[in-house]
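Trainee: Encoded as structure tokens, here's the structure I'll be asking about.
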Amino acid sequence: MTFKHFFALRFKNTLPSTSLTIAGAFTLLLACIASPTVSHAAEIGVTENAIVVGGVLDLKGQSRGLGIGMKTGIEAAFKGQEIQGKRIQYVTLNDSYTPSITEKSTRQLIDEGIFAMLGNVGTPTAKVSLPLLAEANVPAVGFFTGAGLLRPGKGNVVNYRASYIQEAASVINQAISNGVKATEICAYVQNDAYGMAGVQGIKMALAKQPRTRKIIKALDQLLAKEGENPERNNIGPVGVYQRNTLSSRAGYDSLKQWEQQQNTECKLVVSVGTYNAIGRFAGYSRYKDNDWMISAVSFTGADNLKTVLSEFGVTDRIIITQVVPELDSSLAIVRHARRDLGDRFGYVSLEGYIVGKMFLHALGQIDGDITRDKFLAVIQGKQFKVDGLALSFSRSNQGSDLVTMTYFSDNEFTQMAYSDWQ
């Protein structure tokens, strides 16, 4: 860039349009540099009165209950809060759980200037947004997914929740300790990065059990498939369904074929999908007289799932692993969430609330100007509590390893008991 070009850009709103000599230009430029009123530009997304953060979530699609829950929780955490006299402005866009829309919406928020991206929902959507955020140096905080691609993830990723591998291992280990054989564990998953993250967790848990070599080989074959919605049914103890569709039959038939081929029974079906799809799968399996115990990971969303289960007459034998404290916990952060969320309080909105409070806590530890680097520095490698909830980033970019198990009975999810396995 030439000096005249630089000068014209820097002073075009303060000087008349007459021609200037080089000497005059230098005089004005040096005066500007020497002036004590000139300061460095503020961090992107930080204004005099606000810190602007973004979120790209499913607010209108088939998984909108998850996006709305996260958004509701984060907004409740931010309400009335200020950091250094600046309010937290949460700007959200819908992606209907569709990666092509996620990409467009992510670019839009980056272009508009956000400090961080907070609470995004989903694995296939995170797969396309993380590289864009990394390129723009925008931190990705508290995404609603336990997929391995965020651990550590591309760019500056800060996770709250336990991983899908930990969730799958928890339910499988408890099933085996209650008499279920490794050969009696099957899966029903979404046929994309989210579902495959779950299959990877199932594989790792089963690999520790005896006589599972044949199962592991089948899972490896299934995981090796590439492309959008490849054929993964009828390969192993897994049934799949296509994202944003609700048909259960092909995945169900895949599991029945496995049972027949291996002369076994799927006593536990570990599902990794959305609440509409998993609820309908449970209803279809009961309609076909299969009393499988069906587990779901936290992403499925207990509050929305129980509505679908009730619609299809499913009353029990459904497990959901959770990555937040019990809803009746006496922890301060849970009590505050119950108070601030009212009748919107649930597992998903609680996670959103925790993510929002974690973000506020980190901002509140910053000394001086608020920057992305300072924000990350007060989290990375640190241990701290947020309203009584212990978080540790000393070993990884994931703050919590908490996994609990809840069981569906009497139209409610409650803490699972040993007797529920019987």
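Trainee: Can you list the lysines whose alpha carbon sits under 24 Å from that of LYS214, skipping same-chain ones fewer than 8 residues off?
Mentor: Correct list for LYS214: LYS181, LYS203, LYS225, LYS256, LYS267.
Trainee: Hey, for a label at THR371 modelled as a point 7 Å past Cα toward Cβ, could you say which residues of the stretch 41-80 have their backbone N under 17 Å away?
Mentor: 41-47
Trainee: While we're here: Given Cβ point charges of +1 (Lys, Arg) and -1 (Asp, Glu) and nothing else, what value in debye, to the nearest 20, does the dipole of the chain about its Cα centre take?
Mentor: 700 debye
Trainee: If neighbour count is taken as other Cβ atoms inside 10 Å, put LYS203, LYS127 in order from fewest to most.
Mentor: Fewest to most other Cβ atoms nearby, the residues stand as LYS127, LYS203.
Trainee: Suppose each label sits 7 Å from its Cα in the direction of the beta carbon; what would the ASP343-ALA50 distance come out to in nanometres?
Mentor: Going by the 7 Å Cα→Cβ label model, 3.0 nm.
Trainee: What does the helix-only formula give at 222 nm for the chain: each DSSP H stretch with n ≥ 4 adding -39500 (n - 2.57), the total divided by the residues, and the result rounded to the nearest 500 deg cm²/dmol?
Mentor: -13000 deg cm²/dmol
Trainee: So, one more: Need one number: nm distance between label points at ARG395 and GLU311, each 7 Å from Cα along Cα→Cβ, rounded to one decimal.
Mentor: Once both label points are built, they end up 4.1 nm from each other.
Trainee: Taking 51 Å as R0, compute the FRET efficiency from the Cβ-Cβ separation of GLU226 and GLU412 and round it to 0.05.
Mentor: That pair, GLU226 with GLU412, gives E of 0.80.
Trainee: Another question about this same structure. Mind telling me which of ALA77, ALA250, ALA182 comes out most flexible in a GNM of the chain, alpha-carbon contacts under 10 Å?
Mentor: Answer for the Gaussian network model of the chain: ALA250.
Trainee: Taking the DSSP beta bridges in the chain as the whole, what percent of them are antiparallel, to the nearest 5?
Mentor: In the chain, approximately 30 percent of DSSP beta bridges are antiparallel ones.
Trainee: Taking the dipole about the Cα centre of the chain, with the C-beta of Lys and Arg at +1 and of Asp and Glu at -1, give me whichever of ASN263, ALA76, LEU149 is farthest to the positive side.
Mentor: After comparing all options, I get LEU149.
Trainee: Gain in length, ASP289 to GLN81, computed as 0.36 nm per residue apart minus the alpha-carbon separation, to one decimal in nm?
Mentor: Value of the extension gain: 69.7 nm.
Trainee: Go through LYS79/LYS382; LYS217/LYS288; LYS71/LYS357; LYS127/LYS357 and tell me which ones have a Cα-Cα distance over 23 Å in this structure.
Mentor: Flagged as over cut-off: LYS79/LYS382; LYS217/LYS288; LYS127/LYS357.
Trainee: While we're here: If you add up the charges near VAL308, with Lys and Arg at +1 and Asp and Glu at -1, over every other residue whose beta carbon is less than 14 angstrom from its beta carbon, what do you get?
Mentor: +2
Rule-based calculations on the coordinates, nothing more; no lab input. The model shown is predicted, which means the values in this text are computed figures rather than measured ones. Here Cβ is always computed from backbone atoms with ideal geometry, including for glycine, and neighbour counts include all displayed protein chains.
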